[in-house]
Amino acid sequence: MLAILLHRFNSEDEYDEYNCNSVILEQIIEVLGADNYVDPKDFAGSKNCKGWFITVDDGNSTDLELARFLSSHAMRAVFFINPGLIGDLNYASIEELRTIETLGHYIANHSFSHSNLIKLNNMEISDQIRLAKEWIQKNGFNQLNYFAYPWGRNNFAIRRLVKNMGYEVAFGVTARKFDDCSPSGVLPRFAVTSSFDIAQLHRVLAMRNFGHAESWFREIFRILQTCKGKLVI
Ligand SMILES: [Zn+2]
């Protein structure tokens, strides 16, 4: 399994380091293979799940455009949102989230206000997770039972709390330990931006045959590690 992390899409700000444009994304799809793409709901932390999928964080105002782009490629993604920011300047509106869901994508919990959970006490952490979960439910979204740590920040106590609150799958933002795919683990994601060195990934992938899920997974990890300087992680 390989989870790609995107933030903003086709941003007009050329200095936006969290932006990924459609040209890069087209290349990612070509290199990783549309045929290898899996529906995120079919992934439940299984390291035997061969394939890749896209996750999108923060509920930015570019989410709808990105959702339409992905739908035009018949790809479903998970949009991790912070209800406390929805409708604010530069963030998606609730109507846009509804359209994103109608297009076949998933809404999931990224905490209520994108707080650094490490700096909060247990009660505050629970509130961040619970309030977001309730908001998503109350507004009728069909949420995936996945969680993404804001900024990927977590520790043992936070991970335990997230698990106790019913989340079987929780994502970080970077890849450290790819064999840690247990339900209580922090699943790695690779953040891709417009400065991503797709050529390097393309060259190495072209030389290999990824027959076994585990080797495909490890190889992608190794390749992306070598691209680390060009990734926002
Ligand atoms: Zn975030």
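The values are calculated or read from the model by the stated rules, or taken from the named source; none is laboratory data. Remember, it's a predicted structure, so these values are computed and weren't measured experimentally. Using ideal geometry, Cβ is built from the backbone for each residue, glycine included, and neighbour counts are taken over all protein chains shown.
Values computed for the structure shown
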quantity	calculated
Filter result for residue 84 (over 22 Å from residue 39 (Cβ atoms) and within 20 Å of the chain's Cα centre (by Cα))	yes
Pair list, Cβ < 7 Å and 6+ apart or interchain, from the stretch 131-160 residues that are under 13 Å from residue 79 (Cα atoms) and touching a residue at least 60 places away in the same chain (Cβ under 8 Å) to residues that are among the charged types (D, E, K, R) and within 16 Å of the ligand (Cβ to nearest atom)	148/57
Some residue of the stretch 105-116 being of a type outside the set (D, E, K, R), part of a helix (DSSP H, G or I) and farther than 23 Å from residue 2 by Cα	no
The lone exception for residue 142 - which of (1) in contact with a Cys (Cβ under 9 Å, 6 or more places away or on another chain); (2) away from the ligand (no atom under 16 Å from the Cβ) it fails	(1)
Test set (1) within 16 Å of the ligand (Cβ to nearest atom); (2) loosely packed, with under 15 Cβ neighbours inside 10 Å - residue 73 fails condition number	(1)
Of all residues making up the stretch 126-135, the number that are surrounded by fewer than 20 Cβ atoms within 10 Å (Cβ to Cβ) and of a type in the set (Val, Ile, Thr)	0
Scan of the stretch 87-118 for residues that are surrounded by fewer than 14 Cβ atoms within 10 Å (Cβ to Cβ) and either within 15 Å of the ligand (Cβ to nearest atom) or under 16 Å from residue 38 (Cα atoms) (or both), ordered by number	88, 90, 116
Pair list, Cβ < 7 Å and 6+ apart or interchain, from the stretch 72-83 residues that are part of a loop (DSSP other than H, G, I, E, B) to residues that are of a type in the set (Phe, Trp, Tyr)	75/37; 76/106; 82/112
Flag if residue 162 is among the hydrophobic types (A, V, I, L, M, F, W, C), at pLDDT below 95, assigned to a loop (DSSP other than H, G, I, E, B) and within 16 Å of the ligand (Cβ to nearest atom)	no
Residue 136 vs. criteria within 30 Å of residue 51 (Cα to Cα) and among the β-branched types (Val, Ile, Thr)	yes
Search result, residues across the stretch 18-44 that are closer than 17 Å to residue 55 by Cα, loosely packed, with under 13 Cβ neighbours inside 10 Å and touching a His at 6+ places or on another chain (Cβ under 9 Å)	34
